[in-house]
Amino acid sequence: MRRHVKAVVGVVLCALLLVAGTSVLGADNLEKVTFRLNWISAGEGDHAPFFVAQEHGYYEDVGLDVTIQQGSGAGPAAIALEAGQVDIAISDFPTIAIARAKGADIKIVAVYHVNSPNSTWTRKDTGIKEPKDLAGHTIGAPAGDAQRIAFPAFAQAVGLDPNSVEWINIHPAAKIQSLAAGKIDATVHFIDQLFVYREAIGEENLVFWRWADLGVNPYGLAIITTEKMLNERPDVIRRFLEATFRAMRETIIHPREAVITMQKFIPEIDVEKVLSMLDVAIKFQFFSQNSLAHGLGWIDQDRMKASVDLINTYFDIPRELTPEEMYTLDLLPQYSWPYPDEFENPSTWPYPREFNF
């Protein structure tokens with residue numbers, strides 16, 4: 001309990017100091033920052049913290065006027081950042097690593113998905129009961145899909161010959177529909193799409209495996225900026241992370257309210273569907289032992305090495321990457337994972353019981 005009080009008091013004092021500093025600046029003196037999302041669709045509930053920070057004035061509290069750009073993919077987000085069109089972006093780890101290997105001036109300043117969202121999906125009526133049964137079956141994904149490229153790592157982990165499956169080229173948006181219609185036997189997709197898969201295929205007929213559960217757990221989405229920004233405007237990055245992880249913590253405690261806030265910016269979203277996906281993201285993509293031990297956004301050296309090793313092994317890149325060049329922790333704020341008694345009904349929250357709070 002002493003640790004709990006200390007963490008909460010620290011957060012409150014930090015927030016008060018930031019608010020006080022901003023009031024001196026005045027609204028007209030907010031520093032403009034452009035932030036690019038990797039994607040926006042009806043299912044991107046994990047983006048809710050950015051909109052919570054915007055709506056609740058957390059970015060203003062730290063002296064920032066943040067413009068949130070909706071994205072069109074992880075690749076375009078990284079390209080826009082490298083081109084100087086935006087100041088900060090969010091992208092997936094393979095995209096970031098490949099871009100850096102090709103000379104992009106980008107670096108990770110916080111991990112957003114501390115666990116890999118990569119998953120393999122299939123149907124019971126295909127006869128596929130375990131990963132090895134994928135042999136001789138078709139898997140649908142775009143030709144350049146990062147999970148498709150990294151599939152040999154999954155195959156190695158489960159004892160499957162990666163050449164024993166047949167890949168079918170499909171549009172990124174057609175994965176779920178193609179699997180449901182029987183046009184493919186399996187696909188690869190993020191775990192936060194669980195709600196949509198259950199709707200399309202039926203819970204009784206759905207089979208899926210999270211790669212993280214099978215030992216293939218590279219980092220997922222990460223917040224990135226350029227070396228130039230880190231050299232010239234490091235305090236802007238620090239303040240952006242401060243407000244963002246303050247909002248992320250609030251989102252974890254109040255997910256429904258966070259999605260309703262998100263709907264103010266994206267009216268077309270279905271609150272119940274996005275809430276379901278956010279719940280999955282919180283449980284499987286935000287939460288880890290490191291989240292408890294070190295706080296939100298923490299980057300573990302061993303996990304980074306494993307993530308970089310996967311890229312060096314399975315992706316076609318012009319040079320080998322080192323873990324050290326990929327990230328910095330210098331600007332990360334200290335926001336602890338929420339404690340059970342901060343939730344309205346802690347007994348129903350899906351905490352892994354093996355963790356001791």
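Summary of computed values
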| quantity | calculated |
| --- | --- |
| Those residues of segment 90-126 which are among the aliphatic types (A, V, I, L, M) and out of contact with any Asp or Glu (no Cβ under 9 Å at 6 or more places or on another chain), in sequence order | Ile90, Ile96, Ala97, Ile108, Ala110 |
| Filter pass, Arg148 being surrounded by fewer than 22 Cβ atoms within 10 Å (Cβ to Cβ), out of contact with any helix residue (DSSP H, G or I) (no Cβ under 6 Å at 6 or more places or on another chain), without any contact (Cβ under 8 Å) to a residue 24 or more places away in the chain and among the charged types (D, E, K, R) | no |
| Qualifying residue in segment 204-211 (condition: within 27 Å of Ala78 (Cα to Cα) and either in a helix (DSSP H, G or I) or aromatic (Phe, Trp, Tyr) (or both)) | yes |
| Qualifying strands (runs of 3 or more DSSP E) (wholly inside segment 58-117; at least 2 residues being more than 19 Å from Tyr327 (Cβ to Cβ), in the same structural domain as Phe240 (by TED's automatic domain parsing) and over 18 Å from the mean Cα position of the chain (by Cα)) | 64-69 |
| Residues located in segment 101-130, provided they are within 22 Å of Ala153 (Cβ to Cβ) and in contact with a strand residue (DSSP E or B) (Cβ under 6 Å, 6 or more places away or on another chain) | Ile108, Val111, Tyr112, His113, Pro117, Ser119, Thr120, Trp121, Thr122, Ile128 |
| Yes/no for Ala104 being touching a residue at least 40 places away in the same chain (Cβ under 8 Å) and out of contact with any His (no Cβ under 7 Å at 6 or more places or on another chain) | no |
| Considering residues of segment 308-328 that are buried (at least 18 other Cβ atoms within 10 Å of the Cβ) and modelled with pLDDT of 95 or more only, the residue farthest from Ala247 (Cα to Cα) | Leu321 |
| Filter result (under 22 Å from the mean Cα position of the chain (by Cα) and under 13 Å from His189 (Cβ atoms)) within segment 133-149 | Ala141, Pro142, Asp145, Ala146, Gln147, Arg148 |
| Helices (runs of 4 or more DSSP H) contained in segment 217-321 and holding at least 2 residues under 19 Å from Ile106 (Cβ atoms) | 227-232, 234-253, 301-314 |
| Selection count where residues are among the charged types (D, E, K, R), out of contact with any Pro (no Cβ under 7 Å at 6 or more places or on another chain) and closer than 21 Å to Gln69 by Cα, scope segment 242-301 | 4 |
| Test: residue in segment 217-226 that is at pLDDT below 95 and surrounded by fewer than 22 Cβ atoms within 10 Å (Cβ to Cβ) | yes |
| Where a residue in segment 285-314 is without any contact (Cβ under 8 Å) to a residue 40 or more places away in the chain and its partner, wherever it lies, is surrounded by fewer than 18 Cβ atoms within 10 Å (Cβ to Cβ) and not charged (D, E, K, R), with Cβ under 7 Å and at least six apart | Gln301/Pro323; Lys305/Pro323 |
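Okay, residues lined up against (1) surrounded by fewer than 18 Cβ atoms within 10 Å (Cβ to Cβ); (2) over 14 Å from Pro117 (Cβ atoms):
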position: Ile253; (1), (2): yes, yes
position: Glu268; (1), (2): yes, yes
position: Glu272; (1), (2): yes, yes
position: Leu275; (1), (2): no, yes
position: Ile282; (1), (2): no, no
position: Gln285; (1), (2): no, no
position: Gly295; (1), (2): yes, yes
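The values are calculated or read from the model by the stated rules, or taken from the named source; none is laboratory data. If you're wondering where the values come from, they're calculated on a predicted model, not measured in any experiment. No Cβ is skipped: glycine too gets one built from the backbone with ideal geometry, and neighbour counts run over all protein chains shown.
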